[in-house]
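Read-outs throughout are calculated quantities, based only on the coordinates presented, and are distinct from any laboratory measurement. Everything numeric here is computed off the predicted structure, so don't read it as measured data. Glycine also receives a Cβ, built like all others from the backbone with ideal geometry; neighbour counts cover every protein chain displayed.
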Amino acid sequence: MAAIELRNIVKVFSDKRRGRDLLTLDNINLDIEANDFVCLLGPSGCGKSTLLNIIAGFEQATSGRTLVDGKQVERPGSDRGVVFQQPTLMPWLTAIDNIAFHLKLKGVAKAERYDRAMESIDLVGLRGFEHHHPSEMSGGMNQRVGIARALLMNPSVILMDEPFAALDAQTKLEMQEELVAIWQKRRSTIVFVTHSVDEALVLGNKIVVMTKRPGRIREAVNFDLPRPRDITSPEFNDAKRHILSLIREESTRLAQAS
Amino acid sequence: MTSVTDTAPARPAFRLTRAFQGLERLVVPVVLIAGWEAFARSGMLPPALLPAPSAVLHALGDWVFGFDETTQTYSGHWLRDALASALRVFGGFALASLLGILAGVAIGWSRLFEKTLEPTLQMLRPIPPVSWIPLAIIWFGIADKPAIFLVFLGAFFPVLMNSIHGVKTVDHNLVRAGAMMGANGRQMLTDIVLPAALPSIFAGLRIAVGSAWMLTVTAEMVAVKSGLGYVLWDSYYFLRYDIVLAAMISIGLLGYLSDLGLKAIMARTLRWQQATTVQGRAG
């Protein structure tokens, strides 16, 4: 049984002001195995974030079934940790209180909360900043807090929606390396949304290329290049060429259609 | 390079401003009072109609400490009067804050409350609190209760409006994050929506405490026989404008102090906000 099963997912947004419906996701079928690092790759507006939101339970599919660990997804829950595009931390809480927030909701005592959160703090390299508020930290540090928060929930699935999109190139590289290291250490299932071919190739062992409007799956590419990945190696470039050709085919098709 | 030479001469000026730090608050009041004193002494208006600041201060001093009974029956009774007003303000303000925040959060968060409760409240809002005086007196008699009721009316709507606004503008991604971490309905309100709406709620409370002081005087003019507002109105009947002004100053001062207190609580509660706002900038 796959960790995540998407069956015939269709999502239609009704645009009431313009009086028409927008088909965003058209019949998505996808199986994601446990411990997979899957990158959903596609241009802006292809519905990849919508697909992630459906798995997270933030949005409901118009039709189709979403199963996580064999259970139908109906609402958000702590079995699916989400890392948002913006850090989305509670601005009134310190880093450690943000990370341990779900423990507080469960009524765990403060000493134990902090004890357990410190592990995650170390994992994302934020020791010394645990009592800082989000406004006192950089965007990259806040995004680490967001990742640590998702990790501490110990979810079976981690869903990440372009979490590094707002970071500078150098911080982005560091974060990508750290994320891979964390994933290798913890072996959890990650679904990572990105519009960057390079990012998908650095991170994923399965890259799902999506088409633009309506969102369909063009091809799911398995990519098992050993890590750490050399982004200048022939294997990396072969994969990149393949994926770029998929994208290019798609834009030619769109150009001919219009 | 140039910046070093540029900033060097600025230092003595900087030290000068430090020596006068805190005094800058006094500049406007001192200029105003000096001008007023000069105008009052010039004799353009009879002293009974425009008492000089020194005369007002004299009346205020006697009202507070009772040294020469220039304020007659009020001499030495300031504390009792101020306390009577302050208790009404506090009573009405506390009630307004509690109900305003509760109703505001309910309306802001739930469509049901928004549909059922909000139209009625919004219709009551434009009715001037003063126009409730006849009803307040029939309902509550002549004592503290109608005064507290009027203060409540004046303070309730600013708290309500700002609480609704605060809840409605909470980032929906924070709510999603809360749901993702397993917050139940009650926790969503107490642990996410309420803290996120606090800056707005505090803005409402600060407007409300000002309205509360404004209304306690109105209420005391008609409904009760104690407090700063009563003294103000009573002195007007005896043409004691010095006491009228002393009462006005007392109300202004107490209102200012209430706001300072609220600001202090706000600064402590919203410390997390300061690094990102204009308020938190240096100096």
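Want the number for A:Ser44 to A:Asp230: 0.36 nm per residue separation, take away the alpha-carbon distance, what's left? Each step should come with its number before you reach the end.
Working: separation 186, 0.36 × 186 = 66.96 nm, distance 2.70 nm.
That pair, A:Ser44 and A:Asp230, stretches by 64.3 nm at full extension.
Ranked by the mean number of other Cβ atoms within 10 Å of their residues, highest first, the peptides A:249-255, B:55-61 fall in the order B:55-61, A:249-255.
Counting DSSP beta bridges in segment A:138-258, what percent are antiparallel, to the nearest 5?
50
A Förster radius of 22 Å combined with the Cβ-Cβ distance from B:Leu102 to B:Leu260 puts the calculated FRET efficiency at roughly 0.25. In plain terms, if you count all Cα to Cα distances in segment B:73-270 and split them into 5 Å steps from zero, the share in each step is 1, 8, 14, 17, 16, 14, 11, 8, 5, 4, 2, 1, 0, 0 percent. Using a simple spin-label model with pseudo-atoms 7 Å out from Cα toward Cβ, B:Glu24 and A:Ser138 lie 3.3 nm apart.
Order these by the 10 Å Cβ neighbour count, fewest first: B:Thr218, A:Thr189. Don't jump to the answer; show the numbers that get you there.
Values: B:Thr218 19, A:Thr189 23.
Least crowded to most crowded, the residues run B:Thr218, A:Thr189.
Here segment A:107-258 is described by how far its Cα atoms reach on the three principal axes: 61, 34, 29 Å, from widest to narrowest. Calculated FRET efficiency, B:Glu114 to A:Ser245, Cβ-Cβ distance, R0 = 45 Å: about 0.30 to the nearest 0.05.
How big is the antiparallel share of DSSP beta bridges in segment A:65-207, given as a percent to the nearest 5?
Values: 2 of 11 bridges.
Rounded to the nearest five, the antiparallel share is 20 percent.
In what sequence do A:Lys206, A:Lys11 fall when counting other Cβ within 10 Å, fewest first?
Ranked by crowding around the Cβ, least crowded first: A:Lys206, A:Lys11.
Take the Kirkwood radius over Cα pairs of the protein assembly as shown, plug it into Stokes-Einstein at 37 °C and 0.692 mPa s, and you get 115 µm²/s for translational diffusion. Near A:Arg218, the amide H atoms lying under 5 Å from its own belong to A:Val209, A:Met210, A:Thr211; only residues 5 or more places off or on other chains count, and H is placed 1.01 Å from N. For segment B:60-85 versus segment B:173-210, the inter-centroid distance based on Cα atoms is 45 Å. Straightening the chain between B:Glu37 and B:Ala143 buys 34.3 nm, computed as 0.36 nm per residue apart minus the Cα-Cα spacing.
Over segment A:88-154, the alpha carbon radius of gyration divided by the compact-protein estimate 2.2 N^0.38 Å works out to 0.96. Each part reduced to its alpha carbon centroid, segment A:70-138 and segment A:151-205 end up 17 Å apart.
Report for chain A the percent antiparallel among DSSP-assigned beta bridges with both residues inside it, nearest 5. Of all bridge pairs located within chain A, approximately 50 percent are antiparallel. In this simple spin-label model, placing a label point 7 Å from the Cα along the Cα-to-Cβ direction at both B:Gln122 and A:Ser156 gives a separation of 4.6 nm.
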